[in-house]
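Below: one structure, written as structure tokens.
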Amino acid sequence: MLKSMFIPLMVAGMMLGANAGDYEVEANPSKVFLGIQLSGAWVQGTHKTNLNYATKGLGYGVRLGAENSEWRTMLSVDKMNNGKVSYERGELHVDYLFQQAQMAEMGLRPFIGLNGGYANYEAEGGINENGFTYGGEAGIVYDLSDQVDIDLTYQYTLSRAAAFDHAANLGIGINYKY
């Protein structure tokens with residue numbers, strides 16, 4: 001199911017990026033970015049007959065978005081599979097970037113945001129469910145240059161799928177702005 005959502009999400013993201021320049025304010029220009037992410041994931045849900053099963057694994061994904069000095073909007077697709085449990089998610093993220101002069105001089109931009117999307121959750125025992133996701137996130141962006149930044153993000157996501165309760169991710173991403 002998530003694979004069929006990937007193309008529309010990426011097309012929407014490209015349209016978002018293509019139009020980002022149309023809404024620029026001279027003092028606050030938007031930049032489009034493409035990035036990758038790697039995260040440690042802690043997942044809780046149903047596994048075989050255990051209704052309260054918690055596990056962890058390594059997640060990875062891609063992202064496409066646009067940002068200015070105050071806001072960052074991004075579409076992401078990520079996956080985690082540890083052999084017992086797996087999930088795939090497609091999400092929209094909206095982050096507010098805090099403006100602190102001293103931190104901005106060092107290239108640091110803390111943020112807080114919301115996310116929502118759709119996920120597929122699979123576990124041993126024939127469990128395969130889809131559902132909407134929603135949650136919050138916080139982190140910090142470090143500008144390596146005008147075109148490249150890295151971010152450290154903590155994301156907590158709840159799911160509407162009966163077998164997939166929630167996921168917590170601590171991840172690092174690298175983005176190329178164009």
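Annotations
- Subset of the range 163-173 that is within 13 Å of Tyr53 (Cα to Cα) and of a type in the set (A, V, I, L, M) - its residue that is modelled with the highest pLDDT: Ala167
- Candidates Gly116, Gly173, Gly136: the one that is among the small types (Gly, Ala, Ser) and over 15 Å from Gly65 (Cβ atoms) is Gly136.
- For the range 63-78, taking the residues that are among the polar types (S, T, N, Q) and either modelled with pLDDT of 95 or more or closer than 17 Å to Ile174 by Cβ (or both), the one that is nearest to the chain's Cα centre (by Cα) is identified as Ser76.
- Selection of the range 143-160 for residues being surrounded by 15 or more Cβ atoms within 10 Å (Cβ to Cβ), over 12 Å from the mean Cα position of the chain (by Cα) and among the hydroxyl-bearing types (Ser, Thr, Tyr) yields only Ser159.
- Residues that are of a type in the set (Val, Ile, Thr) and over 30 Å from Gly125 (Cβ atoms), drawn from the range 81-102: Val94
- Figure legend. Inter-residue proximity from the range 158-178: first residues in contact (Cβ under 8 Å) with a residue 60 or more places away in the chain, second residues outside any strand (DSSP E or B), beta-carbon distance below 6 Å, spacing 6+ or different chains. Indicated pairs: Lys177/Gln147.
- Every residue from the range 69-96 that is crowded, with 22+ Cβ neighbours inside 10 Å and of a type in the set (Ser, Thr, Tyr): Ser76, Tyr87
- All of Ala101, Ala138 fail the test of being surrounded by fewer than 17 Cβ atoms within 10 Å (Cβ to Cβ), out of contact with any strand residue (DSSP E or B) (no Cβ under 6 Å at 6 or more places or on another chain) and either at pLDDT 95 or above or of a type in the set (A, V, I, L, M, F, W, C) (or both), apart from Ala101.
- Matching option when the condition is of a type in the set (A, V, I, L, M), farther than 21 Å from His166 by Cβ and touching a Leu at 6+ places or on another chain (Cβ under 9 Å), among Leu64, Leu92, Leu97: Leu64
- Filter result for Ala12 (assigned to a strand (DSSP E or B), surrounded by fewer than 19 Cβ atoms within 10 Å (Cβ to Cβ) and at pLDDT below 95): no
- Count - residues of the range 152-178 that are within 15 Å of Leu108 (Cβ to Cβ) and out of contact with any Asp or Glu (no Cβ under 9 Å at 6 or more places or on another chain): 1
- Apart from one condition, Leu51 fits all of (1) part of a strand (DSSP E or B); (2) surrounded by fewer than 20 Cβ atoms within 10 Å (Cβ to Cβ); (3) in contact with a strand residue (DSSP E or B) (Cβ under 6 Å, 6 or more places away or on another chain); (4) at pLDDT below 95; the exception is (3).
The values are calculated or read from the model by the stated rules, or taken from the named source; none is laboratory data. Keep in mind that this is a model prediction, so the values were computed, not measured. With ideal geometry, Cβ positions are generated from the backbone for all residues, glycine too; neighbour counts draw on all protein chains shown.
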